[in-house]
Structure formats: C-alpha cells, structure tokens
Amino acid sequence: MELDARDPLAPLREQFELPEGIVYLDGNSLGVLPKAAPARLARVLRQEWGAQLIRSWNAAGWLDLPARVGDKIARLIGAGPGEVVAADSTSVNLYKVLSAAAGLQRSDAPERRVVVSERTNFPTDLYVAASLCRERDWRLELVETADLPARLARGDDVAILLLTHVNYRTGWMHDLAGMTAAAHECGALAIWDLAHSAGAVPVDLRETGADFAVGCGYKYLNGGPGAPAFVWAAPRHAAHARQPLSGWMGHAAPFRFAPEYEPADGVARFLCGTPPVLSMAALECGVDTVLAAEPLGGMKALRARSLRLTGAFTALVDRHAAAWALRVVSPREPERRGSQVCLVHDAPGGHGYAIVQALIARGVVGDFRAGEPGPPPCPDILRFGFSPLYTRFVDVWDAVERLAVVMASREYERERFRRRAAVT
Ligand SMILES: *Cc1c(COP(=O)(O)O)cnc(C)c1O
C-alpha cells in the first residue's frame with residue numbers, strides 16, 4: 001500500500017518474526033517476537049549459563065539486568081537514568097508502590113484512608129489495591145471515569161489515586177499531568193499503571209509530577225510471555241519510600257549478607273529477589289525494538305503513526321457501523337485515545353466473542369473482554385491493539401475487509417466460534 005511505502009517508520013517492522021498472512025492486532029496483550037531474541041536467549045543459555053556458569057552474574061552483567069533494562073525503559077516514559085528497574089510482575093510491583101505510597105501518606109495524614117480508582121480499571125490493579133486497603137483498614141472506592149475530577153475535588157479523605165493511563169477496556173487515555181495535579185491538589189499521591197502506554201504512547205513521568213508508576217513488559221514492549229514488569233519512583237520519593245517486599249536484591253549491599261535490612265539508595269530498593277535472567281534477556285530485546293525508533297523520531301513519531309492507524313480503522317468501521325451493528329466505543333479525540341480501538345456489537349445478546357473467534361480463524365487476531373453488569377453496565381468489548389512498530393496500513397485495510405466477510409456471512413453464529421476458551 002502506498003501509505004506504507006511512504007512511511008519512514010515502516011522498516012521497524014523488519015525487527016520482528018511475524019507469521020505470514022496474519023494481521024496481528026493483539027500486541028496490547030502479547031507483543032510479537034523480536035528476531036534478535038532467539039539468538040540472544042541461545043547465547044544466554046549455552047555461553048553464559050552453560051559455559052560460564054556462576055561467573056556470569058558478574059562477567060555477563062546478569063546482576064545489572066534490572067537496572068540496565070530499567071534505564072532503557074526510562075527513555076520511553078520520560079524518566080531519568082537510575083529511576084526505573086525491571087522486576088517481578090505488574091501486579092507485584094503495584095503492591096510495592098501502593099504500600100510505599102500509603103507509608104508516605106500515613107506519616108503526615110492519618111485521616112486519609114481512601115484509595116480512588118476507576119471501576120473499569122484492570123481487575124488485578126483493583127484486587128491488589130483492595131488487598132492493601134484490607135491490611136490497613138482503608139477503603140477502595142471505584143469511581144466512573146467522568147466522575148473522577150469531582151471526587152478528587154472533595155478529596156480530603158483520599159490518600160492515593162490509582163489509575164491506568166490507557167484503560168485496557170475502554171481505550172480511554174487519561175490526562176496524566178492533569179489528573180496527577182488534581183490528586184496533588186487534594187493531598188493525594190498519584191500512582192500510574194503504564195501497561196498500555198509504554199511503547200505505545202509518549203509519557204513524560206518527570207514533567208507530569210507523578211509519584212509512582214508501574215508497567216508491563218510483555219505488551220507493547222515485546223518482552224515475551226510473562227516478561228518482567230517495571231517500576232518507577234519519583235526521585236523525590238525513591239530515597240525514603242519503603243516497600244514491604246524487602247528482599248535481598250533491594251538491599252544496599254546484598255552481598256554483605258547482613259542480618260538487618262538496609263534499603264538501597266534509589267529505586268533499586270523496589271527490587272525483591274533474584275532477577276529471572278532468561279526473561280530479562282528477552283525483555284531487553286523487546287525494549288530495544290522500541291528504542292530502535294529513537295533515530296526516527298522516537299515515541300513522538302510512533303504516536304503519530306499509531307493515531308493514523310487507529311484513526312483509519314475507526315473510520316473504516318464507521319462506514320459499515322449500521323449494517324454490522326458494530327459501534328466504535330474507544331475515544332475518537334486523538335488526545336484521549338490510546339493505541340487500541342474497541343467495538344461493541346449492538347445486536348440482541350451480542351456476539352462479540354464469536355466475532356473475534358471468527359476473525360481469528362480468518363487470520364485477524366484481536367481479543368475479547370467480557371462486559372460487566374454494573375450499574376452502570378459495561379458492554380462486551382471487541383478489542384484491537386495497534387502497535388506502531390509493526391502494524392501496517394495494509395493490515396488495517398485487510399482487517400476491516402475480513403471483518404466485512406465475517407459480518408456479512410454471519411459466520412459468528414457457528415457453534416465452534418461460540419465455545420469459550422480459558423484465555424479470551
Ligand atoms: C496487562 C495488565 C496487567 C498485568 O499484570 P500482571 O501482573 O503482569 O499479570 C496489570 N495491569 C494492567 C492495567 C494491565 O493492562
């Protein structure tokens with residue numbers, strides 16, 4: 001397609017192993033395999049582990065992986081060197097930063113006992129926050145997106161605002177700076193989950209004044225299934241915030257083997273146990289695929305491309321919306337849109353799940369997120385993620401053409417597309 005031929009970012013796609021004939025619109029769930037990863041993992045296995053054995057902790061830089069990969073991720077989210085570490089899962093890191101933030105609040109404001117989040121936030125974020133609240137006899141309050149500013153305006157009791165920058169379900173992108181300022185205004189701390197932002201949309205953590213952030217390695221960062229996540233603490237907090245999972249890798253001097261815990265100076269105190277070296281190596285390959293865009297304009301250029309991709313998909317679906325009973329529910333305003341497009345099937349009963357399955361059978365991979373009765377109810381969502389690194393304009397076109405076939409033929413009514421698998 002001509003748009004692809006003229007696109008200066010098009011060569012970035014060559015960094016990936018992409019199966020022939022597949023239009024992959026699920027990089028917001030699991031990113032694709034970087035070509036560099038198999039060779040890198042083979043080297044870590046055979047040479048570093050097989051031949052060098054324990055010497056590799058020093059010689060191959062294994063011990064530095066959390067900080068080294070963290071520094072690379074920092075460049076994508078507007079953080080400085082030494083401010084990010086790669087470690088554990090997003091869920092675990094969220095617990096650490098929630099607890100650290102709660103500790104900071106408690107010292108000077110014991111009457112603040114509410115964590116505010118969005119009802120449509122990713123469930124693990126809510127489960128972890130609920131757990132923290134249970135431990136402290138605090139309360140988790142779930143608010144509708146539109147009601148957040150009003151809730152913060154009367155936020156004398158709010159200790160922490162916990163939001164995912166780009167909502168996994170609605171595709172809504174919060175104003176990170178504005179919401180952080182609103183949280184600070186009422187005396188709360190702001191924690192951001194960047195799971196659907198890192199590698200997809202520009203983030204400037206330092207500029208926005210946020211307090212803590214976490215994010216995911218296996219989505220737009222292409223770090224591989226179950227890749228380590230990351231954690232950022234604002235420099236003003238990093239040196240004195242305490243996180244509860246005080247393992248030896250977060251100690252000021254792990255190899256002193258002292259019986260008392262003494263946290264490392266900066267964000268390294270958010271480490272807990274030994275890094276998963278194989279997964280870290282794969283994650284580094286994934287992060288490198290995003291950094292490869294730096295000479296081409298970096299996240300800003302990727303964002304422009306992402307908006308054109310999601311904009312084109314939205315416009316093409318809009319043309320047929322009435323005939324297909326499919327409605328675009330992700331934001332149309334570019335400044336509120338992440339890198340995904342969400343559709344709702346408005347027919348009685350809704351066949352969202354089966355439509356996604358029928359599309360997958362035709363080589364267009366998106367996913368399905370089940371609705372929730374509410375009130376107010378959240379509809380079932382057909383979700384399509386557009387990684388600006390490897391999705392082409394021709395893919396947008398092909399995806400909608402195949403969607404047209406699925407809708408016109410009512411293929412989704414077939415029994416085999418309606419059977420739910422464990423992972424949707
Ligand atoms: C994907 C995602 C997670 C995943 O957490 P894990 O601990 O890696 O399973 C958490 N939060 C959000 C918002 C996500 O999108």
Exercise for review: Within the range 104-129, track down each residue that is more than 18 Å from V214 (Cα to Cα), out of contact with any strand residue (DSSP E or B) (no Cβ under 9 Å at 6 or more places or on another chain) and outside any loop (DSSP other than H, G, I, E, B).
Suggested key: S107, D108
Point to revise | Candidate set from the range 79-93 (those that are open to solvent by 10 Å² or more (accessible area, probe 1.4 Å) and assigned to a loop (DSSP other than H, G, I, E, B)); member that is nearest to the ligand (Cβ to nearest atom) | key: S89
Exercise for review: Among the residues of the range 258-273, write down those that are in a loop (DSSP other than H, G, I, E, B) and either among the polar types (S, T, N, Q) or touching a strand residue (DSSP E or B) at 6+ places or on another chain (Cβ under 9 Å) (or both).
Suggested key: A258, Y261, E262, A264, G266, L271, C272, G273
Check your understanding: Across the range 48-78, which residue is farthest from the chain's Cα centre (by Cα) among those that are crowded, with 24+ Cβ neighbours inside 10 Å and among the aliphatic types (A, V, I, L, M)?
Key -> V69
Check your understanding: If A153 satisfies every condition in (1) out of contact with any Ser or Thr (no Cβ under 6 Å at 6 or more places or on another chain); (2) open to solvent by 10 Å² or more (accessible area, probe 1.4 Å); (3) of a type in the set (A, V, I, L, M); (4) closer than 28 Å to A268 by Cα but one, which is the exception?
Key -> (4)
Check your understanding: Restricting the search to the range 194-218, which residues are within 12 Å of the ligand (Cβ to nearest atom), out of contact with any Leu (no Cβ under 7 Å at 6 or more places or on another chain) and not aliphatic (A, V, I, L, M)?
Key -> H196, S197, C216
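Being under 20 Å from P66 (Cβ atoms) and of a type outside the set (F, W, Y) narrows it down to one residue among A177, A188, A159, A213; which is it?
Details: A177 fails: under 20 Å from P66 (Cβ atoms); A188 fails: under 20 Å from P66 (Cβ atoms); A159 fails: under 20 Å from P66 (Cβ atoms).
Of A177, A188, A159, A213, the one residue that is under 20 Å from P66 (Cβ atoms) and of a type outside the set (F, W, Y) is A213.
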Point to revise | Condition broken by P123, with the remaining ones in (1) open to solvent by less than 40 Å² (accessible area, probe 1.4 Å); (2) more than 18 Å from M280 (Cβ to Cβ); (3) within 16 Å of the ligand (Cβ to nearest atom) satisfied | key: (1)
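Okay, residues lined up against (1) at pLDDT below 95; (2) over 24 Å from V116 (Cβ atoms); (3) surrounded by fewer than 24 Cβ atoms within 10 Å (Cβ to Cβ):
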site: D175; (1), (2), (3): no, no, yes
site: G178; (1), (2), (3): no, no, yes
site: D193; (1), (2), (3): no, no, no
site: A200; (1), (2), (3): no, yes, no
site: A213; (1), (2), (3): no, no, no
site: G217; (1), (2), (3): no, yes, no
site: R236; (1), (2), (3): no, no, yes
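State which residue is nearest to the ligand (Cβ to nearest atom) when the search covers only the range 19-28 and only residues that are in a loop (DSSP other than H, G, I, E, B) and buried (at least 18 other Cβ atoms within 10 Å of the Cβ). Reasoning before the result, please.
Going through the range 19-28, the residues in a loop (DSSP other than H, G, I, E, B) turn out to be 19-22, 25-28.
In the following step, the residues that additionally are buried (at least 18 other Cβ atoms within 10 Å of the Cβ) were identified as 25-28.
Working: L25: 16, D26: 12, G27: 12, N28: 8 Å.
Among them, the one singled out is N28.
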**Study point:** Filtered residues of the range 130-150 (kept if outside any loop (DSSP other than H, G, I, E, B), open to solvent by less than 80 Å² (accessible area, probe 1.4 Å) and farther than 21 Å from P376 by Cβ)
**Key:** S131, L132, C133, R136
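Test P295 against the criterion of being part of a loop (DSSP other than H, G, I, E, B) and either surrounded by 24 or more Cβ atoms within 10 Å (Cβ to Cβ) or of a type outside the set (S, T, Y) (or both), and give yes or no. Before the answer, list the steps.
Values: part of a loop (DSSP other than H, G, I, E, B): no; either surrounded by 24 or more Cβ atoms within 10 Å (Cβ to Cβ) or of a type outside the set (S, T, Y) (or both): yes.
No, not satisfied.
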Study note, to complete from the structure: Scanning the range 166-191 residue by residue, the ones that are out of contact with any His (no Cβ under 7 Å at 6 or more places or on another chain), in contact (Cβ under 8 Å) with a residue 24 or more places away in the chain and assigned to a helix (DSSP H, G or I) total 8
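Table: residues versus (1) part of a helix (DSSP H, G or I); (2) under 29 Å from E20 (Cβ atoms).
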| residue | (1), (2) |
| --- | --- |
| S279 | yes, yes |
| A301 | yes, yes |
| T310 | yes, yes |
| F313 | yes, yes |
| V317 | yes, yes |
| C342 | no, yes |
| G349 | no, no |
| A358 | yes, yes |
| G374 | no, no |
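Any idea which residue in the range 104-118 is farthest from the ligand (Cβ to nearest atom), counting only those that are farther than 15 Å from D193 by Cβ and surrounded by 14 or more Cβ atoms within 10 Å (Cβ to Cβ)?
Only one residue tops the list, namely A109.
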Check your understanding: Where residues in the range 202-211 are in contact (Cβ under 8 Å) with a residue 40 or more places away in the chain and open to solvent by 10 Å² or more (accessible area, probe 1.4 Å), which of them is nearest to S339 (Cα to Cα)?
Key -> P202
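The values are calculated or read from the model by the stated rules, or taken from the named source; none is laboratory data. Predicted, not measured: the structure shown is a model, and the values here were computed from it. Please note: Cβ atoms are built from the backbone with ideal geometry, for glycine as well, and neighbour counts cover all protein chains shown. Calculation scope for accessible area: heavy atoms of the full protein, side chains included, ligands and nucleic acids excluded. Shrake-Rupley method; radii C 1.70, N 1.55, O 1.52, S 1.80 Å.
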